[in-house]
1. For the stretch 94-136, which positions are under 16 Å from the mean Cα position of the chain (by Cα) and under 17 Å from Q21 (Cβ atoms)?
2. For P170, all conditions in the list (1) surrounded by 12 or more Cβ atoms within 10 Å (Cβ to Cβ); (2) without any contact (Cβ under 8 Å) to a residue 12 or more places away in the chain; (3) not hydroxyl-bearing (S, T, Y) hold save one; what is the number of the exception?
3. Can you pull out the residues in the stretch 35-50 that are of a type in the set (V, I, T) and either in contact with a Pro (Cβ under 7 Å, 6 or more places away or on another chain) or more than 10 Å from the ligand (Cβ to nearest atom) (or both)?
4. Would you mind finding the one in L99, L77, L89 that is within 21 Å of T127 (Cα to Cα), in a strand (DSSP E or B) and without any contact (Cβ under 8 Å) to a residue 60 or more places away in the chain?
5. Applying the selection to the stretch 153-166, what residues are within 16 Å of the ligand (Cβ to nearest atom) and under 13 Å from C179 (Cβ atoms)?
6. Taking the stretch 48-63 only, how many residues are within 15 Å of F4 (Cα to Cα) and surrounded by 15 or more Cβ atoms within 10 Å (Cβ to Cβ)?
7. Could you check, for the stretch 80-88, whether at least one of its residues is among the aliphatic types (A, V, I, L, M) and either surrounded by 17 or more Cβ atoms within 10 Å (Cβ to Cβ) or under 15 Å from L42 (Cα atoms) (or both)?
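Read-outs throughout are calculated quantities, based only on the coordinates presented, and are distinct from any laboratory measurement. Not measured: the values here are computed from a predicted model. Please note: Cβ atoms are built from the backbone with ideal geometry, for glycine as well, and neighbour counts cover all protein chains shown.
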Amino acid sequence: MRAFFAVDLPEKVKDQLASLQRQSQYRRNIKWVERDNLHLTLLFLGDISPAQEKRLFDTVPEAVRDIGEFSFSLSGLGAFPNDRKPKVLWVGVKAPGELYRLREALVQTVRKTGISVKDDRFHPHITLGRVKRDFYPLNKIFPGIRSVAEENVTLSSFVLIESTLTPQGPVYKVKKRFCFS
Ligand code: 3AM
């Protein structure tokens, strides 16, 4: 299955982000992430086998044992590769060291399981949408939006998600929730 680790978001934050999406003037050329699919990706795994999935169920709790519940807050709007010619539109995250430690612990465990992952620089973000064609600068896509309310999110668990790609967009299914002790 195609899988990734993610933080799922409280309903209140998903509402806030969906409302931000609706404020954009450029609806047609942007594929917005559906409200229920909004998430913060911790680590994309690609295709993993049932045996690897099972092994992750067993090894991840021990790997993150030292990391307790923590909070992060939303920050401003941003875009990859840049604000001038955006392809991926996102809301940034002001994250404490724990989020980076969590990501690092997952990278190490996943590699021990025989899954090869890229360990690029981690830019925690929540994708709002993807620009399909034509380029508009970010401030044209979200005119008049200067800031995003810094909602605080307490993270007491994270999830392993199965992502099935369909012509209508990805379908996500939570395969396992890992709770901090
Ligand atoms: O959280 P975002 O939207 O940035 O872009 C995909 C999404 O990230 C990313 O994994 C998340 C869940 O689908 N993704 C998809 N394919 C990828 C790949 N080959 C990938 N990330 C890295 N390499």
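1. Selection gives H125, I126, T127, L128, G129, R130.
2. For P170, the exception is condition (2).
3. Here is the first cut: in the stretch 35-50, the ones of a type in the set (V, I, T) are 41, 48.
Selection gives I48 alone.
4. Details: L99 fails: in a strand (DSSP E or B); L77 fails: without any contact (Cβ under 8 Å) to a residue 60 or more places away in the chain.
It is L89.
5. If the condition is that a residue be within 16 Å of the ligand (Cβ to nearest atom) and under 13 Å from C179 (Cβ atoms), then L155, F158, V159, L160 are the ones that fit.
6. Here the count works out to 6.
7. No.
Yes/no matrix, rows are residues, columns are (1) crowded, with 18+ Cβ neighbours inside 10 Å; (2) among the charged types (D, E, K, R); (3) over 15 Å from the mean Cα position of the chain (by Cα); (4) within 16 Å of the ligand (Cβ to nearest atom):
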{"position": "Q23", "(1), (2), (3), (4)": "no, no, yes, no"}
{"position": "V33", "(1), (2), (3), (4)": "yes, no, no, yes"}
{"position": "S75", "(1), (2), (3), (4)": "no, no, no, yes"}
{"position": "G92", "(1), (2), (3), (4)": "no, no, no, yes"}
